[in-house]
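Presented below is the structure to which this report refers.
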Amino acid sequence: MRGDLPEGQRVKGSGAFDPKARRFQATITVTGGKYPSAGSRIVIGADSYVRPADEKDWVHVDLKRVRRDDPFLRFDWLDPTGLKKFTSTIASVQRTGPHSYTGRFDPDGKDVKSFLPVGAPSVVSIGMPLSPFTITTDDQGWVTSIRAELTPSTGLKLTMTTTMSDHGKPLKIKAPARAGEAADFYYD
């Protein structure tokens, strides 16, 4: 996944998701702007492990104990990548080729939650008009690419592209060998 973000930032990430085995792994890097950042996350069942890129140690967070309203720690097994939320905002779509589709989606969605870029939901949109997207599929009908565009009131176009592969293949995502426990205040 790669894309533009507001305030001159760019996001780049990679990851894997196995909903049946309840395993998720992602590494995200945000460059430019005032607050560049990078980090990795592994989630296995109710155990989340996070590590900023400039740290060598992982921190374990028990998702069963985390306050549900904490946007930085929560994890949604029903839509960890924002893909379901994105598809629920599609207003129109048309086939443009044997493996390609184009359409428009509502970046504001049904409620104000981040779902873009697909794969690293971090952008919340308010007051945006319907925006264009393109989707490419493989011979089996699996989505292999989603490209979404946003044009905020600043006039600067934000383009976000997510590519997907290896659909249905089992993943070998393991918990880090060593991880310290999150501080108690995360659970209060």
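Consider Val93 carefully, then state whether it is at pLDDT 95 or above and either among the basic types (Lys, Arg) or under 18 Å from the mean Cα position of the chain (by Cα) (or both).
No.
Just the residues that are touching a residue at least 24 places away in the same chain (Cβ under 8 Å) and surrounded by fewer than 15 Cβ atoms within 10 Å (Cβ to Cβ), please, taken from segment 100-112.
Ser100
Within segment 39-63, track down each residue that is without any contact (Cβ under 8 Å) to a residue 60 or more places away in the chain and open to solvent by less than 40 Å² (accessible area, probe 1.4 Å).
Those that are without any contact (Cβ under 8 Å) to a residue 60 or more places away in the chain and open to solvent by less than 40 Å² (accessible area, probe 1.4 Å): Gly39, Ser40, Val43, Gly45, Ala46, Ser48, Leu63.
Would you mind telling me which numbered condition in (1) modelled with pLDDT of 95 or more; (2) open to solvent by less than 30 Å² (accessible area, probe 1.4 Å); (3) among the aromatic types (Phe, Trp, Tyr) Phe86 fails?
Going through (1) modelled with pLDDT of 95 or more; (2) open to solvent by less than 30 Å² (accessible area, probe 1.4 Å); (3) among the aromatic types (Phe, Trp, Tyr) one by one, Phe86 breaks only (1).
For a quick check of your reading of the model, give me the residue pairs whose first member lies in segment 1-16 and is touching a residue at least 40 places away in the same chain (Cβ under 8 Å) and open to solvent by 70 Å² or more (accessible area, probe 1.4 Å), whose second is assigned to a strand (DSSP E or B) and not small (Gly, Ala, Ser), with beta-carbon atoms closer than 6 Å and at least 6 apart or on different chains.
Arg2/Lys12; Arg2/Thr161
The values are calculated or read from the model by the stated rules, or taken from the named source; none is laboratory data. The model shown is predicted, which means the values in this text are computed figures rather than measured ones. Neighbour counts are summed over all protein chains in view; Cβ atoms, including those assigned to glycine, are modelled from backbone coordinates with ideal geometry. SASA here: full protein model, heavy atoms, side chains in, ligands and nucleic acids out. Shrake-Rupley method; radii C 1.70, N 1.55, O 1.52, S 1.80 Å.
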